[in-house]
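Working notes, structure below.
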Amino acid sequence: MHFSLTDEQTALKDSVQRFCERDYDFEHRRALLRGDDGFSRDHWATFAELGWLGAGLSEEDFGYGGGAVETAIMQEAFGRALVVEPYLSCAVIAARAVAAVADAAQKEALLSAIVAGETLATLAHNEVQMRGDDADVTTTAIPDGAGWRLNGRKSFILGGPSADVLLVSARTGAGVSLFQVGAEAEGVERIVYHAVDGRRVADIVLTDVEGALLGQADAALPGIELAIDHGVVGVLAECVGAMDAALWLTRDYLKTRRQFETTLNTFQVLQHRMADMLVETELARSMLLRAVACLPDADPVSRRAGVSAAKVQITEAAVKVTAEAIQLHGGIGVTEEYIVGHFYKRAVLARGLFGASDFHLERFAAQTRRALEAAA
Amino acid sequence: MTLDLAPADAAFQAEMRALIADVLPQDIARRGRQGFHATDEDVQRWMRILNERGLSAVHWPVQYGGADWTPMQRHLFQIELRAAGAPVPDQAALELVGPVLYTFGDDAQKAQYLPAILNGDTAWCQGFSEPNSGSDLASLKTTAVREGDHYIVNGQKTWTSEAHKADMMFALVRTDSEARPQAGISFLLIDMRSPGVSVRPIYTINEGLSVNEVFLDNVRVPAENLVGEENKGWGYAKFLLTNERTMSAETPHTAADLAMLKAIAAVEKRGGRPLIEDPLFAARMARFEIDLMALEAAVMRVLHMEEGDPALNATASVLKLRGSELRQRIADLAVEALGDLGLGVFPDVEGQDNMDVLAPVPPAPDYAAGWLSRAMFRRATTIYGGANEIQRTIIAKTVLGL
């Protein structure tokens, strides 16, 4: 077991951290959120140039030979700076879905365009009733000549407003299939709004939309689940970055803010609360390694149980630590113009995305129960 | 970065599992796996079996009878020992005084004490805490005054684990009352059979006896029982307390507890179905299992960090704090899972040192044995070894720089 990074991984980490420190201060981020796209297409081009859009993909998948560790490195840095570009939805989830589901020619076309920064894609899988249950697809697709016609409604699609290509899941005869749909295709309506953390999302209404089947019909669900697991671990890495940033920002604040003729760091009641924040952050960081390690698990049931365990532990910790960071800052913590409250908003988003804690706790517990029954 | 156990470590763990299965007597293993507190006889038998194979103190250097194992190997061995139900040997001797003796003791002390520790022949207790020196240990008042070739020791120690069975005590005593508190403390070995030593049991809320008060009244201790230099004892004590960081998480113990809790949840029923099928109970148990997974991952990170890694203190600091809390919470949940069986007092072990029982102790299913007692005693896990509030202050000062 090696917890240390390779030279290449260290270089990647340094490079993304440098970008976030130099080019991504909080005021810049605020301005981006108010722009036309809600993020910077110039930054996206930079990501492509620096190879970041293929950093988490193997060479067979038209990436640069990395994997989930590289994705976690990127996402942790992005969580620290609260980056708003659609990296997770496009370079992680959509790319992983294509890699897992599509045939060779489709992969080459889509993945090389994603990695080059030429195409923004997103996985349009979530539906409002799902709440984490990825099998609960109600959107339908029926054969229509050489192609397919899709009907249904997708909910809260990250990266949806800016995507050129939608990867839409739909129920077909005996299972779930994945379709490529042009975002501007006839019958596609995008209802754009913004999420708690300021990023844009879209609900996507599909009315008799033409879609091109990716890979085999009825066989897409396992690949979609794998892509979402990679996405969940990406979210968890963001949480660790956000928690760590909130923790040290709060530490620095306590050392400078004066009340009662002394700095706040001298109050033991505050010291102990900060100690608990550190403990939560360190455990979350440890759990993240475990989550990354479980992604290659060949058994999807145990892989998903491992991801669920990490989702519960890390998102609960992230909400707790970032909420404490607000509390320890006092009034400034709840203002729109100060960053600390925005760490909390990202943590709240992470807690609810891809199923809340109860769903994941139940999925993990079900695995424990099956293991006990198997042992009996 | 790869995250699987290295092949050599995985092979080592499998080898240890097989070895333990081979040499751990079945009657001892059965009692251990049922959660019974090990008897003194079981502990001693087991220590001798280990010692014949050179495995009593695997973390000690080879020259002192250890095996010089890495912290990782030792951790994997611990996981297998706890999973197999092996008795926990004399911690005070193997973990605490042993390393102090081979690091700071003289040749005569090493020859006299170390082999007996390895064979389980000498039982030790730690004389640190005093009635008015708990978390603020450096304020201790027990004095040792040099008179010829003896020290005359006077004072009182408390919370002394296993003092009622101990042959020897390693104690912190004040040899200079003029110096600042930490600079006037020495590390002294006291024969518990010396005239002037008296032990009074302190029964704890689990109705058991493990801690004691020890009164030291003009006890004559030979000067050769001083370890290292006079007035340097505080440094040796700090060495002892930080000697093994990852041990403080006690994750192998907690993993064994969790396995027992699951076995309870598979047989105990509510509303006609096993607790494991009750979503509310299953969720609570799952939450603790997830906490344990995170803690185990933190232990692994610490085991892989180099000394001097700036992240080491931060990661290691979580272990005692969260490890002790989790031990309490899992025992509490087991008591709840047991229903009535969790609320009645049933025997923990044949021959345990219990206080006078208030009423007869009827037999109970084996899986219920000892949980109530453990849950009660574990209120101490967040107090001993530096109360968790002290741990938080240490984190705030040393890691966060507050």
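The values are calculated or read from the model by the stated rules, or taken from the named source; none is laboratory data. Please read these numbers as outputs of a predicted model, since none were measured by experiment. Cβ: placed from backbone, ideal geometry, glycine included. Neighbour counts: every protein chain shown.
Name every residue in region A:297-318 that is more than 9 Å from chain B (Cβ to nearest Cβ) and more than 15 Å from A:Phe354 (Cβ to Cβ), in order of residue number.
A:Asp297, A:Ala298, A:Asp299, A:Pro300, A:Val301, A:Ser302
What helices (runs of 4 or more DSSP H) lie completely within region B:70-156 and have 1 or more residues being at positive phi, crowded, with 17+ Cβ neighbours inside 10 Å and not assigned by TED's automatic domain parsing to the domain that holds B:Thr251?
Hits in region B:70-156: none.
Being surrounded by 16 or more Cβ atoms within 10 Å (Cβ to Cβ) and within 14 Å of another protein chain (Cβ to nearest Cβ): is that true of B:Thr251 here?
yes
Checking the structure you have, find out if any residue of region B:157-169 is over 30 Å from B:Arg48 (Cα atoms), buried (at least 22 other Cβ atoms within 10 Å of the Cβ), in contact (Cβ under 8 Å) with a residue 12 or more places away in the chain and assigned by TED's automatic domain parsing to the domain that holds B:Leu216.
yes
Please specify each residue of region A:233-263 satisfying the condition of being in contact with a strand residue (DSSP E or B) (Cβ under 8 Å, 6 or more places away or on another chain) and crowded, with 21+ Cβ neighbours inside 10 Å.
Scanning region A:233-263 gives a single hit, A:Leu254.
Considering only residues that are among the charged types (D, E, K, R), within 25 Å of B:Arg301 (Cβ to Cβ) and surrounded by 13 or more Cβ atoms within 10 Å (Cβ to Cβ), which ones fall in region A:1-32?
A:Glu8, A:Lys13 - these are the residues of region A:1-32 that are among the charged types (D, E, K, R), within 25 Å of B:Arg301 (Cβ to Cβ) and surrounded by 13 or more Cβ atoms within 10 Å (Cβ to Cβ).
Within region A:332-376, take every residue that is over 24 Å from the mean Cα position of the chain (by Cα) and assigned to a loop (DSSP other than H, G, I, E, B) and give me the one that is nearest to the other protein chains (Cβ to nearest Cβ).
A:Ala376
So that you can scan it fast, the table gives a plain yes or no per residue for (1) more than 30 Å from A:Ala291 (Cα to Cα); (2) in a helix (DSSP H, G or I):
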residue	(1), (2)
B:Leu5	no, no
B:Gln13	no, yes
B:Asp22	yes, yes
B:Asp27	yes, yes
B:Arg31	yes, yes
B:Leu55	yes, no
B:Gln63	yes, yes
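Output yes when any residue across region A:258-273 is at the interface with another protein chain (Cβ under 10 Å from one of its Cβ atoms) and under 31 Å from the mean Cα position of the chain (by Cα), and no when none is.
Checking region A:258-273: at least one residue is at the interface with another protein chain (Cβ under 10 Å from one of its Cβ atoms) and under 31 Å from the mean Cα position of the chain (by Cα).
Criterion first (farther than 30 Å from A:Ile339 by Cα and either surrounded by fewer than 19 Cβ atoms within 10 Å (Cβ to Cβ) or assigned by TED's automatic domain parsing to the domain that holds A:Phe354 (or both)) does A:Glu118 satisfy it?
So A:Glu118 passes the test.
Go through (1) surrounded by fewer than 20 Cβ atoms within 10 Å (Cβ to Cβ); (2) outside the structural domain of B:Gln328 (by TED's automatic domain parsing); (3) at pLDDT below 95; (4) of a type in the set (Val, Ile, Thr) for B:Val267 and report which single condition fails.
(2)
For B:Met285, all conditions in the list (1) more than 9 Å from every other protein chain (Cβ to nearest Cβ); (2) under 15 Å from B:Leu261 (Cβ atoms); (3) surrounded by 24 or more Cβ atoms within 10 Å (Cβ to Cβ) hold save one; what is the number of the exception?
The single condition B:Met285 does not satisfy is (1).
For region A:112-135, check the following and say yes or no: at least one residue is in contact with a helix residue (DSSP H, G or I) (Cβ under 8 Å, 6 or more places away or on another chain), assigned to a helix (DSSP H, G or I) and among the hydrophobic types (A, V, I, L, M, F, W, C).
yes
Given B:Lys320, B:Lys238, which one is free of Cβ contacts under 8 Å to residues at least 60 places away in the same chain and more than 9 Å from chain A (Cβ to nearest Cβ)?
Sole residue among the options that is free of Cβ contacts under 8 Å to residues at least 60 places away in the same chain and more than 9 Å from chain A (Cβ to nearest Cβ): B:Lys238.
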